[in-house]
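Working notes for the structure below.
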Amino acid sequence: MNSDIRKFIFNDLQSVEGYIDPPDALVFLTLLQTQNLQDLKGGVAEIGVFYGRSYFLMKAATGIRQPVLAIDLFNLNDDDDGTPSQYRRFLANGEKLGLPVDENLIIHGDSTALTPQEIVDKVGQTRFFSIDGGHMLHHVASDAALATATLAPHGVIAFDDTFNPAWPEVTVGVADFLRQKADELRPFCMTKYKTYVCRSEFHAFYTAAIRESGHLAAFEHVETEFLGSTAIRLNNPMGRRMVYELMVHAGMRGLSERVYR
């Protein structure tokens, strides 16, 4: 089963426009599989779906019958008739991958206008919440508060672009949020692109899941202090990253998974 889903991540999923760095794809897989094994239930939600690359990864990792909620404006690339093509391509990607989208689990609109109850009504309390929506300070603050209000006791929030210099307000917003929630939420894992956060009582549990994961054995694990919490930073050496990108661009997607074993 693990080999099948890794093949899906490094091959089939690459046909979906968008980007999720291999370390983060494998962290998503690790956390969702750990929750599955421990029977830690709840819905999964994502703000900022784009064309669905990380969304379909979460569907594959949780199982086709598990609720995964997509939240997006879906207003990209209007067709000649004025209809946004992003939504149609998102649905088509699900059919192509054999992971059809449940249109009852889609919210079209601005996430900052949502209430926690609207999300809970769709999927219940969330066990995994991916935030990759608006990148301005008010977006980050609103989305973080929304995710926290829906989070199950064992839930995880994944913040995208937390240290991306192109989006400095994301860095400020996440840091502000974690300082405000220091008694409740703690970061436990960091990559080049994302920061992963859980409730304090599950910090040791998820830290161990990251440290012991076979999916993540290829990366250097570095303990980092971040806002009073110890987090594992997964270092992806430039040499490995370059080999992976060369293989992908050379049409060797099916073999690129071996770089991260």
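The values are calculated or read from the model by the stated rules, or taken from the named source; none is laboratory data. Given the structure is predicted, the values throughout are model-derived calculations rather than measurements. Cβ: placed from backbone, ideal geometry, glycine included. Neighbour counts: every protein chain shown.
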In segment 1-31, residue nearest to the chain's Cα centre (by Cα) [restricted to those that are part of a loop (DSSP other than H, G, I, E, B) and in contact (Cβ under 8 Å) with a residue 24 or more places away in the chain]: Ile20
Number of the condition not met by Asn164 [criteria: (1) under 21 Å from Ser54 (Cα atoms); (2) modelled with pLDDT of 95 or more]: (2)
Residue list for segment 142-177, filter: in a helix (DSSP H, G or I), touching a residue at least 12 places away in the same chain (Cβ under 8 Å), within 18 Å of the chain's Cα centre (by Cα) and farther than 24 Å from Gly124 by Cβ: Val170, Gly173, Val174
Tally, over segment 203-215, of residues that are assigned to a helix (DSSP H, G or I) and of a type in the set (S, T, N, Q): 1
Residue in segment 168-182 that is touching a strand residue (DSSP E or B) at 6+ places or on another chain (Cβ under 7 Å), surrounded by fewer than 23 Cβ atoms within 10 Å (Cβ to Cβ) and over 19 Å from Ala25 (Cβ atoms) present: yes
The one condition in (1) in a helix (DSSP H, G or I); (2) in contact with a helix residue (DSSP H, G or I) (Cβ under 8 Å, 6 or more places away or on another chain) that Arg127 fails to fulfil: (1)
Residue that is nearest to the chain's Cα centre (by Cα) [pool: residues in segment 216-244 that are assigned to a helix (DSSP H, G or I) and surrounded by 13 or more Cβ atoms within 10 Å (Cβ to Cβ)]: Leu216
Filter pass, Asn104 being closer than 18 Å to Ile9 by Cβ, out of contact with any strand residue (DSSP E or B) (no Cβ under 8 Å at 6 or more places or on another chain), at pLDDT 95 or above and polar (S, T, N, Q): no
Unmet requirement for Ile20, which otherwise passes all of (1) on the phi > 0 side of the Ramachandran plot; (2) at pLDDT below 95: (1)
Some residue of segment 65-74 being at pLDDT below 90, touching a helix residue (DSSP H, G or I) at 6+ places or on another chain (Cβ under 9 Å) and of a type in the set (D, E, K, R): no
